[in-house]
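Participant: Have a look at this one.
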């Protein structure tokens with residue numbers, strides 16, 4: 001299951017959370033290696049944008065809670081469809097309308 005997650009950290013001085021930000025990158029590296037994170041980008045200023053590829057909502061919930069333990073943030077979560085699956089759906093249902 002694909003999810004786009006956009007984080008917005010609490011408004012704190014960047015220097016006060018530098019250690020947490022370093023731990024975040026250490027936490028996410030193995031998720032990238034395992035394929036549970038397809039891509040991750042730091043946002044200008046602070047925050048991140050991550051595409052998770054996880055087997056269930058429960059696993060996503062676990063990952064977001066782990067993230068929150070490192071850096072308290074507000075999440076915007078969007079369920080995604082793989083482009084190939086979206087195009088396949090259109091091919092199969094093109095005659096419906």
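The values are calculated or read from the model by the stated rules, or taken from the named source; none is laboratory data. Just so you know, these numbers come straight off a predicted model, no measurement behind them. Glycine also receives a Cβ, built like all others from the backbone with ideal geometry; neighbour counts cover every protein chain displayed.
Participant: Within region 29-37, is even one residue free of Cβ contacts under 8 Å to residues at least 40 places away in the same chain, in a helix (DSSP H, G or I), surrounded by 15 or more Cβ atoms within 10 Å (Cβ to Cβ) and touching a helix residue (DSSP H, G or I) at 6+ places or on another chain (Cβ under 9 Å)? Spell out how you get there, then give the answer.
Facilitator: To start, the set of residues in region 29-37 that are free of Cβ contacts under 8 Å to residues at least 40 places away in the same chain comprises 29-37.
Filter once more, so that each one left must be in a helix (DSSP H, G or I): 29-34.
Checking which are surrounded by 15 or more Cβ atoms within 10 Å (Cβ to Cβ) leaves us with 31.
Now restrict to residues that are touching a helix residue (DSSP H, G or I) at 6+ places or on another chain (Cβ under 9 Å): 31.
Among the residues of region 29-37, at least one is free of Cβ contacts under 8 Å to residues at least 40 places away in the same chain, in a helix (DSSP H, G or I), surrounded by 15 or more Cβ atoms within 10 Å (Cβ to Cβ) and touching a helix residue (DSSP H, G or I) at 6+ places or on another chain (Cβ under 9 Å), which makes the answer yes.
Participant: Please work out which one of (1) surrounded by 13 or more Cβ atoms within 10 Å (Cβ to Cβ); (2) on the phi > 0 side of the Ramachandran plot; (3) modelled with pLDDT of 95 or more is the condition residue 54 fails and give its number.
Facilitator: (2)
Participant: Take region 41-91 and flag every residue that is within 15 Å of residue 9 (Cβ to Cβ), touching a strand residue (DSSP E or B) at 6+ places or on another chain (Cβ under 9 Å) and assigned to a helix (DSSP H, G or I).
Facilitator: 64, 67, 68
Participant: Among the residues of region 1-20, count how many are closer than 28 Å to residue 56 by Cβ and in a helix (DSSP H, G or I).
Facilitator: Counting residues in region 1-20 that are closer than 28 Å to residue 56 by Cβ and in a helix (DSSP H, G or I) gives 1.
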